[in-house]
1. Could you list, in their original order, any pairs among K224/K343; K152/K290; K99/K364; K152/K251 whose Cα atoms are separated by more than 29 Å?
2. Can you give the accessible area of F213, probe radius 1.4 Å, in Å² rounded to 10?
3. Can you list residues from other chains, or at least 5 along the same chain, whose modelled amide H is less than 5 Å from the amide H of E304?
4. If you take the square roots of the eigenvalues of the alpha-carbon gyration tensor of segment 46-270 and sort them as a ≥ b ≥ c, do you get rounded (a/c under 1.5), prolate (a/b over b/c) or oblate?
5. Rounded if a/c is under 1.5, else prolate if a/b beats b/c, else oblate: with a ≥ b ≥ c from the C-alpha gyration tensor eigenvalues square-rooted, which is segment 164-255?
6. Using a 1.4 angstrom probe on heavy atoms only, work out the carbon and sulfur share of the accessible area of the chain in %.
7. Give the aspartates and glutamates whose C-alpha is closer than 20 Å to that of K27, dropping any in the same chain fewer than 8 places away, or say none.
8. Residues with beta-carbon under 10 Å from that of S221, excluding S221: net charge, scoring Lys, Arg +1 and Asp, Glu -1?
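The values are calculated or read from the model by the stated rules, or taken from the named source; none is laboratory data. Remember, it's a predicted structure, so these values are computed and weren't measured experimentally. Note that each Cβ is placed from the backbone with ideal geometry, even for glycine, and that neighbours are counted across all protein chains shown. In case anyone asks, the SASA skips ligands and DNA or RNA and just uses the protein heavy atoms, side chains included. Shrake-Rupley method; radii C 1.70, N 1.55, O 1.52, S 1.80 Å.
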Amino acid sequence: MIISRRGPALPDFPWDQLADHAAKARKYPGGVVDLSVGTPVDPVPAVIQSALSSVSGIPGYPTTHGTPELRAAFVAAVERRYGIAGVQEAAVLPTIGSKELVAWLPTLLGVGPGDVVAVPAVAYPTYEVGALLAGAEVVRLADGELPPAGTKLVWLNSPSNPTGRVLSAEQLRDAVAAARAVGAVVASDECYLALPWDSSPVSVLHPSVVDSFDGVLAVHSLSKSSSLAGYRAGFVTGDPELIAGLLELRKHAGMIVPRPVQEAMRAALEDDAHVAEQRSRYLARREVLKPALEAAGFTVSHSEAGLYLWSSRGEGAWETISWLADRGILAAPGTFYGPAGAKHVRVALTATDERIGAAAERLKA
């Protein structure tokens, strides 16, 4: 029996569009250098693996809210690492990675038909998908553009995926004020906060940005900083009232992080040494790849933090994708992230040292 699909029309899954270019890149002598998807390649730190296995024998259901120890570890970590003070342990909610939360947040907040979700002009595609799943309209905001009347949710993303752009505390303050003026919730995607290079990003919850968490949420992930993409390890925090509402809905929906993963997350939050080590790995790769792109005629814009080099040869994105595939390199076209990315490609730092070195050599050809 075939069940017909009912629901909102969603865009084609973007990565499927790369199939032909990926096939061409794989034929290059020495194989493909895949810099298209930002998936970690380095081993999960031993301290995290040990924590995961330590509770693998527990047979009962985990709690949706997470263990008290996990939530306490998160509160301590964001204050220690990012200077975020005043987060209540009750207002910390573990999520099944950050993408799940991003995709379902509009629905969980009650956003629906007739409402607007505002996203950056160049943005992670799941912001749009989440709005469409809720039946809402999507508006892309240019720099400094105010959200229109009817906006119920404003997404911020600093450091940005895909551009690596960092918003200043003043820019974040202005964005929060503009959202509040139209009665919108602010959701700030801060998954790359632990990876600064040329700028020092701050959280939307930092005291230099807000003096109240009212109507503000921050989304965090351990996928990049702790190489935990496979564990699906994320958090949302901020406004206690909003978090309480999300918690109740997630209990009903069974959106629960498995207990062993919760323990692994606790260990990751309590240990800063592995985060510094991972940051050093990415910095070393960046210092190889960025000058290689520039020497090959690319302009690298923004890219002040995070895992990507937002790069352009001054031509259409798909032309650049083809040029790179001819050299056995796969990147992501900027069109995946909105019309404003039409002349850029996103080049990820998430490859081994050997593959990054191979890409640098191939760019000389």
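1. As for pairs spanning more than 29 Å Cα to Cα, those are K152/K290; K99/K364.
2. Result for F213: roughly 40 Å² accessible.
3. R165, V166
4. prolate
5. oblate
6. C and S atoms contribute 55 percent here.
7. K27 reaches D16, E319, D326, E354, E361.
8. Around S221, the surrounding residues sum to +1.
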